[in-house]
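Data block below; observations after.
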Amino acid sequence: MKILIIGGHGTIGKKVVAHFQDENEILIAGRTNGDITVDIADAKSIKTMFDHLGKLDAIICIAGEAKWAPFNDLTEDDYYIGLKSKLMGQVNLVRIGQDYLNSNGSITLSTGILADDPVVKTTSAAMVNGGIHSFVKAVALEIENGIRVNVVSSGMVEDAYEKYKNYFPGHNPIPMTKVINGYVRSVNGKGNGEIIRIYD
């Protein structure tokens, strides 16, 4: 398969790339580096990327940002960071990307445990994750050409534990192999509209 992985140089992305590259043609997109650059907060940038790459068999997004801060400190503009990047960025990858997928292709988005089990300072991030979960369940009812859309929602991963453990008191780090398998299930399985939760 020809697979585009957006965020393929990130903590999770690197491991997902390493898994899929043995048997597939992998293209990595990132905001600053990769085989091609893209700003997912900009629909024109997404369209330009797909025009350049041509037809694909699968799209995986492990990118998108949202502001973490105490609720009383978040401004309206702070919320728009997550709405434009992680939420609409991934919505636009589906909206635009469907036209560049071969029949029976797949799109895999990424969220996280905050949608179901938020911690402090994550009102914006949790809201965005929950919105993507609802979007995936709904778009699966209408997307055409045999295309499947799923989302992988992981807890705090092992490789980021030291960096984020103080935000997630008492949370168990998720082994990277489990996280990778979430993406394998989405790409190689037959599920559609699934929220693939990997929380323990």
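The values are calculated or read from the model by the stated rules, or taken from the named source; none is laboratory data. Remember, it's a predicted structure, so these values are computed and weren't measured experimentally. Virtual Cβ from ideal backbone geometry, glycine too; neighbours counted across all protein chains shown. Surface accessibility is based on the protein's heavy atoms, side chains included, excluding ligands, DNA and RNA. Shrake-Rupley method; radii C 1.70, N 1.55, O 1.52, S 1.80 Å.
Computed values, structure above
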quantity	calculated
Potential extension, H52-K163 segment - 0.36 nm per residue separation minus Cα distance	36.4 nm
For the chain, alpha-carbon Rg over 2.2 N^0.38 Å	0.96
Label-point separation in nm, D78 to E144, each point 7 Å along Cα→Cβ	4.3 nm
Over the chain, relative contact order from alpha-carbon pairs under 8 Å, at least 6 apart, %	19 percent
Ranking by accessible area, most exposed first, for T177, T122 with a 1.4 Å probe	T177, T122
Accessible area per residue, Å², the chain with all protein chains present, probe 1.4 Å	49 Å²
Where N is the number of residues in the range 46-87, Cα Rg divided by 2.2 N^0.38 Å	1.64
Estimated dipole of the chain in Debye, rounded to 20 [Cβ of Lys and Arg +1, of Asp and Glu -1, Cα centre]	160 debye
The range 82-167: translational diffusion in µm²/s, Stokes-Einstein, Kirkwood Rh over Cα pairs, 20 °C, 1.002 mPa s	154 µm²/s
With all protein chains modelled, accessible area of Y161 [1.4 Å, Å²]	80 Å²
Net charge over other residues, Cβ less than 15 angstrom from the Cβ of P118 (K, R count +1; D, E count -1)	+2
Rounded accessible area of R185 (nearest 10 Å², 1.4 Å probe)	130 Å²
Portion, in percent, of the accessible area of the range 71-137 that falls on carbon or sulfur, probe 1.4 Å	52 percent
The chain: DSSP helices with Cα axial extent of at least 20 Å and average Kyte-Doolittle hydropathy no lower than -1.0	123-139
Among the listed pairs K15/K55; K14/K86; K121/K163, those beyond 21 Å (Cα-Cα)	K15/K55
Helix-only mean residue ellipticity at 222 nm for the chain, each DSSP H run of n ≥ 4 adding -39500 (n - 2.57), per residue, nearest 500	-10500 deg cm²/dmol
The range 29-112 - percent relative contact order, Cα under 8 Å, separation 6 or more	38 percent
The range 46-126, Cα convex hull volume normalised per residue, Å³	87 Å³
Cα-Cα P(r), the range 79-125, percent of pairs per 5 Å interval	5, 19, 22, 21, 14, 10, 7, 3, 0
Neighbourhood charge, 13 Å Cβ-Cβ cut-off, centred on P175 and excluding it, Lys, Arg +1 and Asp, Glu -1	-1
Most to least accessible of Y167, Y199 (protein chains only, probe 1.4 Å)	Y167, Y199
Relative packing of peptides 54-66, 35-47 - highest average C-beta neighbours within 10 Å first	54-66, 35-47
